[in-house]
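Heads up: the structure comes next, in structure tokens.
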Amino acid sequence: MMEKEFTLTKEQQVEVERQLAFLQRGVVEIVPEADFRKKIEKSVVTGKPLKIKLGMDPSAPDVHIGHTVPLHKLRQFQELGHEIQMLIGDFTGRIGDPTGKSETRKQLTDEEVKKNAETYVEQYGKILDMDKVTIYYNSEWLKPLQFEDVVKLAANMTVARMLERDDFEKRYKSGQPISVHEFFYPLMQGYDSVALDTDIEVGGTDQKFNLLMGRTLQEAYGKEKQVALTLPLIEGLDGERKMSKSLNNYIGIDEAPNEIFGKSMSIPDELMIKYYKLATDLPMEEIEKLEADLADGSVHPRDAKMNLGALFVEMYHGKEAAEEARNYFQTVFQKRSLPTDIPETKWEGESPIWIVDLLVELNMQSSKGEARRMIQNGGVKINEEKVEDVQLQVEVEDGMILQVGKRKFMKLTK
């Protein structure tokens, strides 16, 4: 179904150009761009907001900075008065998106899906005005489908087209198994757009195939085709791979302020501007000036990173927490002195005690293996002295201070 042409007044044309410029920040690709403009024009002329969809499968319980890139784009649409369709893929989540996966994903239980979805919705509110977001669960329309409906849905896509996807193609050529149900994931995601009459769907560049499936199916079902808007993926703290909790290269937005700030200081210098552009709402003029100042040396990367860390903390924990996190970092890492707010624990256990057992019992390390590795890597100190011996028997004293890594401290009292 083709978009209707609209005649715009001069004022309406100015508004269209304003929205287009605002919404294209950080975007990799708009497919097709001509339809994107037509949809904005239609909205400006009719006064009817566009329906903007973001689908997220509740496959992990926490939101990290990488997840926030499309959320910031939704916020921009929201500020322009458009309608946000927040889709929780409680049905597709049982399958798991095969995008970028080299093997079939483990299916989630109903309980896991529900628990993760609740966490997502709570954390989305740190970026979006959730009072102006409509939340959908795709089990509402996918679960009632009869087998006849599923066959009709599948008839709109060929196996050859499915195998054009990089992940499927690689697995097929390498002889790795592909379960038939995985082919239904992009079909179901596309059908979500049919059910919701979505105008624009937002997603990462790795979601392009799934986003375009929405256009294909909307056309097949006689609907107006959506526009696919893709955004960059943010590399994690290792500077190479996509940010992921499983790769431990992430900054979680629900983490403690000191943790967010400390991790921000580990962002590779060459990625700093990308984080500013995609994961904050800082005006582009300020970011461009910062980029120029970094290039000519008038701003040190460390200072820019500290400001970014403070900005992240302020966004998710408030201004006061941001200032405290900055002070904490400067005190502990720049001045190399102990923080003033070290948590205290009364020790009533045995003494002497093996250092590994002590760290695990204090929950400073999650396992004995992890504690051993941390000691061997020089990451454990007692009263600011590095522990060299993994077999050390510790005589616990009143006021003893343990440090694990750069950010974990504990004072023991007796």
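Here, each number is a calculation from the coordinates, and none is a lab measurement. Owing to the predicted nature of the structure, the values given are computational and were not obtained by experimental measurement. Don't worry about glycine lacking a Cβ; one is built from the backbone with ideal geometry, like all the others, and counts go over all protein chains shown.
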Rounded FRET efficiency, nearest 0.05, which uses the C-beta distance separating Asp296 from Val159 and R0 of 60 Å = 0.65
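Under the Kirkwood approximation for Rh and a Cα-based Rg, what ratio Rg/Rh is obtained for the stretch 186-339?
Across the stretch 186-339, the Cα-based Rg/Rh ratio is 1.11.
Over the alpha-carbon set of the stretch 99-229, divide Rg by the Kirkwood Rh and report the Rg/Rh ratio to two decimals. Walk me through the intermediate numbers first.
Values: Rg = 15.9 Å, Rh = 16.4 Å.
Here Rg/Rh amounts to 0.97.
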Three principal axis extents, largest first, for the C-alpha atoms of the stretch 302-405, in Å?
-> 43, 27, 24
Extending each Cα 7 Å along its Cβ direction at Leu338 and Tyr172, get the distance between those two points in nm, one decimal.
-> 6.3
For every other residue with a beta carbon closer than 12 angstrom to the beta carbon of Tyr120, add +1 if it is Lys or Arg and -1 if Asp or Glu, then tell me the sum.
-> -3
Greater than 30 Å apart at Cα, pairs in Lys38/Lys73; Lys289/Lys381; Lys386/Lys414; Lys114/Lys208 = Lys289/Lys381
Gap in Å between the Cα centre of the stretch 257-300 and the Cα centre of the stretch 35-61?
-> 29
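Could you work out how much longer the chain between Glu79 and Glu111 gets when fully extended? Use 0.36 nm per residue separation minus the Cα distance between them, nm to one decimal.
Details: separation 32, 0.36 × 32 = 11.52 nm, distance 3.42 nm.
Here the segment from Glu79 to Glu111 would lengthen by 8.1 nm.
May I ask you to derive the relative contact order of the stretch 344-413, considering only C-alpha pairs under 8 Å and at least 6 residues apart, and to give it as an integer percent?
The value is 37 percent.
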Hey, for a label at Ser246 modelled as a point 7 Å past Cα toward Cβ, could you say which residues of the stretch 47-68 have their backbone N under 20 Å away?
-> 55-68
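Of Lys53/Lys408; Lys277/Lys406; Lys170/Lys225; Lys53/Lys242, which pairs sit farther than 32 Å apart, going by alpha carbon to alpha carbon?
Result: Lys53/Lys408 exceed 32 Å.
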Apply the Karplus parameterisation 6.51 cos²θ - 1.76 cosθ + 1.60, with θ equal to phi minus 60°, to every residue of the stretch 389-401 and state each ³J(HN,Hα) to the nearest whole Hz, in sequence, with x for glycine and proline.
-> 9, 5, 9, 4, 9, 9, 8, 6, 10, 5, x, 5, 10
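Can you list which of the chymotrypsin sites (Phe, Trp or Tyr not before Pro) found in the stretch 1-82 are DSSP loop residues with at most 15 other C-beta atoms within 10 Å? Kindly include the intermediate steps, with their values, before the conclusion.
Numbers: sites: Phe6, Phe22, Phe36, Phe77; in loops: Phe6.
Hits after loop and neighbour filter: Phe6.
Could you tell me how many cubic angstrom of Cα convex hull volume the stretch 10-231 has per residue? Walk me through the numbers before you get to the answer.
On the way: hull volume 27.8 nm³, N = 222.
That works out to 125 Å³ per residue.
One quarter of the convex hull surface, Cα atoms only: what value does that give for the stretch 228-314 in nm²?
Mean projected area for the stretch 228-314: 6.4 nm², to one decimal.
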Once phi is turned into ³J(HN,Hα) by the Karplus curve 6.51 cos²θ - 1.76 cosθ + 1.60 with θ = phi - 60°, what whole-Hz value does each residue of the stretch 307-323 show in order, with x for glycine and proline?
-> 5, 5, x, 5, 5, 4, 5, 4, 4, 10, 9, x, 5, 4, 4, 5, 5
Per 10 Å bin, what percent of the C-alpha pairs of the stretch 344-413 does each bin hold, from zero upward?
-> 22, 64, 14
Which whole-Hz ³J(HN,Hα) couplings does the stretch 115-125 yield from phi under the Karplus relation 6.51 cos²θ - 1.76 cosθ + 1.60, θ = phi - 60°, glycine and proline marked x?
-> 5, 5, 4, 4, 5, 4, 4, 5, 7, 4, x
Grab every C-alpha pair in the chain, bin the distances at 20 angstrom width from 0 up to the longest one, and report whole percents.
-> 22, 48, 25, 5, 0
Kirkwood Rh over Cα pairs of the stretch 266-363 into Stokes-Einstein at 4 °C, 1.567 mPa s: D in µm²/s?
-> 79
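Ratio to report: Rg/Rh of the stretch 313-362, with Cα atoms as the point set and Rh obtained by the Kirkwood method; give two decimals. Display every interim value, and only then the final one.
On the way: Rg = 15.9 Å, Rh = 13.6 Å.
Rounded to two decimals, Rg over Rh is 1.17.
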Additional length obtainable on full extension of the chain from Glu118 to Glu385, 0.36 nm per residue less Cα span | 91.8 nm
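Relative contact order of the chain: what whole-number percent is it, with Cα pairs under 8 angstrom and at least 6 residues apart?
On the way: 636 pairs, mean separation 57.9, N = 414.
Relative contact order comes out at 14 percent.
Just the number, please: percent antiparallel of the DSSP beta bridges in the chain, rounded to the nearest 5. Walk me through the numbers on the way to the answer.
Numbers: 17 of 38 bridges.
Bridges in the chain are about 45 percent antiparallel.
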Cα gyration tensor category, rounded, prolate or oblate, for the stretch 287-330 with a/c compared to 1.5 = oblate
For the chain, modelled as a GNM with alpha-carbon contacts under 10 angstrom, which of Gly378, Gly93, Gly66 fluctuates the most?
-> Gly378
Can you give the net charge of the other residues whose Cβ lies under 13 Å from the Cβ of Ser298, counting K and R as +1 and D and E as -1?
-> -3
Long-range amide H partners of Leu50 with built H, under 5 Å = Glu83
